[in-house]
Every structure is written in structure tokens, then in C-alpha cells.
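Structure provided below as C-alpha cells; questions to follow.
The values are calculated or read from the model by the stated rules, or taken from the named source; none is laboratory data. Predicted model only: the values in this text are computed from it and were never measured. Methodologically, a virtual Cβ is constructed for each residue, glycine included, from the backbone with ideal geometry; neighbour enumeration extends over all protein chains shown. Accessible surface areas use protein heavy atoms only, side chains included; no ligands, DNA or RNA. Shrake-Rupley method; radii C 1.70, N 1.55, O 1.52, S 1.80 Å.
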Amino acid sequence: GELLACGFTNGTIKIMGGSTLLELASFRHSRSCITHVAFSASSEYFASACADRAVAVYRRLRLDELEAADPVDGSAVAAAARAGWELVGRQRAHAHDVVDLTFGGADGEPPRLFSVGSDRRVVEYDLERSSVADGLQLRASAAVEHSAKPTACFWLGDEEQLVVANDAHKLRPVAVHHDRIETVQKVLGPTYSGPVVSFAPVAGTAGGDGPQYVAYATSDKVIGLLQLPLDGNPNRGMGLIAHPGEVSALAATHDGRYL
């Protein structure tokens, strides 16, 4: 919560103070609008997606690497380094727009990065093999839909699955192995308004034994909650009209108390 990364329509990413909103650094590796930004759980990585279908990954620099950053160079690479990050690489793995971007992975293991595109494909990027010299590497890619188009996704940590929502009001849990991606099942999703466009996993109770939920927002007016595990039962979800028009974003607090 100390820093805030903000993407702009001209492709710029600014790093700002989380409480003061003062700009600490600004760098630009794309000329297209930044559409998504996601952080790994440990904040070791953050990724961005832009309107030209490219996904970029940044890695937090260690203290010795940060001290070695050139303070004179005015390039975007040096600007990112001075902000404490380096561009690992960019990859254009989708044929159409990137609709969502999320990190996953088990606790204590290296983070895993996934993107979902309107080309009906899920892509996993190999962060362990990626480097500044070799660029951003792909691990697996597979089609998850044949007629409907994906609209959002989230990582289901308890099941080690990626859940993909589509514009036909369906949710598709997908098992993402290290060398392949396969669909586990397909269940009914929220049908209160338009398709789901964003998710926000909600933390459980303090004891860890209470119901688990994921919050969602549709393309028009509605936000709601779904109880996990997903089974398609409409009685395990709710939705309410929260805004008079488009819902642009939602987020849950770290303790799961507020949305």
C-alpha cells in the first residue's frame, strides 16, 4: 500500500505515493492506452496490458540493483529503474484485445501470470524463464471458448484454478498445468445484468473457516457476491444496482470487510 501504479491513455505508467499521490516516477514503454494493471501477491512483479494487445511485466529491483541505476539517462528504462522496477519484457500473445490480467500461484511458490483475451484464449507467461535479456516468455496457451467471448477472470487459490467468465453468463474454471490448459467444468454465472467484466476475490473470516466469496461487477449498474465453491446455484449469489450506469472498477479491502 505504499505505492500506486497508474496507467494512462497515452501508454504512460506513473508510480505515485499511496497516501500522498505525489508522482515519484513516470515511464512509458507503449504508445497505446494502458487498460489493465495487476500486482503479484508479494509485489515482486507487476504487469500491464495495453490496447495494442501487448502484456508487459516489471520486476522490483533489489537494493544493489537500484543503486546501480543510471540517474542521468532519461530513457524509459532508466526512469523505471529509478522508481525501483525494471521492464522484464513485453509479449503480444493475443490476436485481439486483452480483457483481463491476473496473478496466481500457490503460497510460497513463484507467482504465475495469466491473461485472457477476446480471441477466446488463456495465456500463461513463464516468469521463471523470463529475463531482461531473453524477454517475456510464454508457458502455455489454449482456447477456452468456441462461440462466447471471455470478459473477465480471477485466480481461485483453493482449487489452483483460473475462473473465466464469458458474455453468455457462464463461468468456466480452468486447470492451468505447467504445460497445458484444460477446462474443468462450466457453471451458470450471474444473470442480473450484462456480462461480468471484473472480479475481486474477498478474504475470508479471521479464523479462515467462514464462507469464501468473490465480488463481481457487470458491464451495467450491478455489483454482487458469489459464494465459493462455484456450482451454478443462483441461491449462492446476489446482485444489486450500485450505480446508474457503467461500473468501471471495484476492489475489496485486504480483510474482506468492505467492497
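Here's the yes/no breakdown for (1) open to solvent by 20 Å² or more (accessible area, probe 1.4 Å); (2) modelled with pLDDT under 90:
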position	(1), (2)
Gln185	yes, yes
Gly189	no, no
Val197	yes, no
Thr205	yes, yes
Ile223	yes, no
Met238	yes, no
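Here is a further query. Filter the stretch 148-162 down to the residues that are in contact with a Ser or Thr (Cβ under 6 Å, 6 or more places away or on another chain) and open to solvent by 10 Å² or more (accessible area, probe 1.4 Å), then identify the one that is farthest from Gly204 (Cα to Cα).
Ranking the candidates gives Lys149 first.
What number of residues within the stretch 132-147 are crowded, with 20+ Cβ neighbours inside 10 Å and more than 27 Å from Glu86 (Cβ to Cβ)?
Going through the stretch 132-147, the residues crowded, with 20+ Cβ neighbours inside 10 Å turn out to be 136, 139, 144-145.
If we keep only those that are more than 27 Å from Glu86 (Cβ to Cβ) too, we end up with 144-145.
Selection size over the stretch 132-147: 2.
While we're looking at this one, here's another question. Kindly list the number of the only condition in (1) crowded, with 16+ Cβ neighbours inside 10 Å; (2) farther than 15 Å from Tyr216 by Cβ that fails for Arg129.
(1)
Return the residue satisfying two criteria in turn: it lies in the stretch 70-92 and is assigned to a loop (DSSP other than H, G, I, E, B) and either modelled with pLDDT under 70 or of a type in the set (D, E, K, R) (or both), and of such residues it is least open to solvent (accessible area, probe 1.4 Å).
Taking the stretch 70-92 first, the residues assigned to a loop (DSSP other than H, G, I, E, B) are 70-75, 83-84, 92.
From what is left, the residues that are either modelled with pLDDT under 70 or of a type in the set (D, E, K, R) (or both) are 70-74, 83, 92.
Working: Asp70: 78, Pro71: 99, Val72: 126, Asp73: 67, Gly74: 75, Ala83: 26, Arg92: 113 Å².
Filtering first and then ranking leaves Ala83.
Condition first: aliphatic (A, V, I, L, M), touching a strand residue (DSSP E or B) at 6+ places or on another chain (Cβ under 8 Å), over 21 Å from Ala38 (Cα atoms) and without any contact (Cβ under 8 Å) to a residue 60 or more places away in the chain. Can you find one or more residues in the stretch 242-254 that meet it? Spell out how you get there, then give the answer.
Keep residues of the stretch 242-254 that are aliphatic (A, V, I, L, M), which gives 242, 247, 249-252.
Next, only the ones that are touching a strand residue (DSSP E or B) at 6+ places or on another chain (Cβ under 8 Å) stay: 242, 247, 249-252.
Narrowing further to those that are over 21 Å from Ala38 (Cα atoms): 242.
Now drop any that are not without any contact (Cβ under 8 Å) to a residue 60 or more places away in the chain, which leaves 242.
Yes; the residues of the stretch 242-254 include at least one that is aliphatic (A, V, I, L, M), touching a strand residue (DSSP E or B) at 6+ places or on another chain (Cβ under 8 Å), over 21 Å from Ala38 (Cα atoms) and without any contact (Cβ under 8 Å) to a residue 60 or more places away in the chain.
Let me ask another. Determine if the stretch 173-185 includes at least one residue that is without any contact (Cβ under 8 Å) to a residue 24 or more places away in the chain and of a type in the set (S, T, N, Q).
Checking the stretch 173-185: at least one residue is without any contact (Cβ under 8 Å) to a residue 24 or more places away in the chain and of a type in the set (S, T, N, Q).
Within the stretch 18-69, take every residue that is within 22 Å of Ser131 (Cβ to Cβ) and among the acidic types (Asp, Glu) and give me the one that is most open to solvent (accessible area, probe 1.4 Å).
So, considering only residues that are within 22 Å of Ser131 (Cβ to Cβ) and among the acidic types (Asp, Glu), the one most open to solvent (accessible area, probe 1.4 Å) is Glu67.
Of everything in the stretch 8-27, what is at pLDDT 90 or above and either among the aromatic types (Phe, Trp, Tyr) or in contact with a Ser or Thr (Cβ under 8 Å, 6 or more places away or on another chain) (or both)? Give them in sequence order.
Matches in the stretch 8-27: Phe8, Gly11, Thr12, Ile13, Lys14.
Search the stretch 106-122 for residues being without any contact (Cβ under 8 Å) to a residue 40 or more places away in the chain and buried (at least 16 other Cβ atoms within 10 Å of the Cβ), and hand back the single one that is nearest to Ala217 (Cα to Cα).
Filtering the stretch 106-122 for residues that are without any contact (Cβ under 8 Å) to a residue 40 or more places away in the chain and buried (at least 16 other Cβ atoms within 10 Å of the Cβ), the one nearest to Ala217 (Cα to Cα) comes out as Ser118.
Out of (1) surrounded by fewer than 20 Cβ atoms within 10 Å (Cβ to Cβ); (2) more than 18 Å from the chain's Cα centre (by Cα); (3) in a loop (DSSP other than H, G, I, E, B), what's the single condition that is false for Gln227?
The failed condition is (3).
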